[in-house]
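Take a look at the structure below.
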Amino acid sequence: MRKPVSFRHYKHCSRNAHLGKSVCSRLLSRQSFLAAFAGLALMLAGCASDQSAADLAKAERTLYLEARNALEGNNFIRSLELLEALETKYPLGRFSEQALLEQIYAQFRNQDYETARATADRFIRLHPRHAQVDYAYYMKGMSSYMAGRYMLEGLELIDISERDLGATRDAFSDFDNLLRRFPDSRYAFDARQRMLYIRNVLARREIFIAQFYIRKSGYVAAIKRSQFALENYPTAGTSGDALATLSEAYLHLGMEEEAREALDLLKSQYPKHKQLTSNGQLKLLKPLGEGSKAPWEALIPDVFS
């Protein structure tokens, strides 16, 4: 038979239940306080984060505007310092891509064409789908174009076609790349005009080398250069020179029929060519001596002679 439970037992249990409820209440109050404190801390941290982001954005904008002011004032060195600092401090910032584009322009205007071309190439690789990537292609070509020109050319003391044309060939390739990718670009017309000029320069280069070979008795090489100019640059305005050089090279080699054919074409298409005499004969180029100077070297006196 089950023993009855005494009143003292009920009283003890009641006291324990009351104590448990009190402990649970205190625990719940403490947890609520901690939750509220954590929420407040998160809210304060969020406000601080928002304020920090706003400060960074303001600092980035200030630095960019300072760089723009320097650029518009033609202070290209200072502008480059600020634009490079902007790219370093805020590589993922709002103005990072625009800063890189403006570095290209500042380097170009500072006549640092090699660096400008490299920066344009870097922009193309990093941002191939950027809305202004055609500008980077154009400035890459312009940097090569200007690197291939020389101050004395403007004074007509030298002919650019008589110099090394590595950078000029790069410019032609760069502009061609722009036109193939962005035929409707705002820079397309200017690129086409410069390509026409470069084509003429490259054609004159071939004639210059062919005539050099004639003067040095390298007749086979002269024929190859003249034929290349005729086949690849038919509208460059050098066809008359190519025919005259071709006729003379054949003549020196004893290939009279080929020489006559080239001369007949020269007389029919360019009757007033400078290498034709009044009675239609070909004036031969003068050979170069062993110590002959190149045309641009003849402009500079030899102070040690």
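If you go through region 142-165 and keep only what is modelled with pLDDT under 70 and in contact with a Gly (Cβ under 9 Å, 6 or more places away or on another chain), you end up with I160, R163, D164. On inspection, A59 passes the criterion of being in a helix (DSSP H, G or I) and more than 24 Å from Y138 (Cα to Cα).
Here is a yes/no grid of residues against (1) outside any loop (DSSP other than H, G, I, E, B); (2) modelled with pLDDT of 95 or more; (3) more than 19 Å from D190 (Cα to Cα); (4) open to solvent by less than 20 Å² (accessible area, probe 1.4 Å):
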residue: Q98; (1), (2), (3), (4): yes, no, yes, no
residue: T115; (1), (2), (3), (4): yes, yes, yes, no
residue: D134; (1), (2), (3), (4): yes, yes, no, no
residue: K140; (1), (2), (3), (4): yes, yes, no, no
residue: A167; (1), (2), (3), (4): yes, no, no, no
residue: D174; (1), (2), (3), (4): yes, yes, no, yes
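The values are calculated or read from the model by the stated rules, or taken from the named source; none is laboratory data. Model, not experiment: these values are computed from the prediction. We place every Cβ from the backbone using ideal geometry, glycine too, and count neighbours over all the protein chains shown. The protein model used for the area step is the full one, side chains on, heavy atoms only, and it has no ligands, DNA or RNA in it. Shrake-Rupley method; radii C 1.70, N 1.55, O 1.52, S 1.80 Å.
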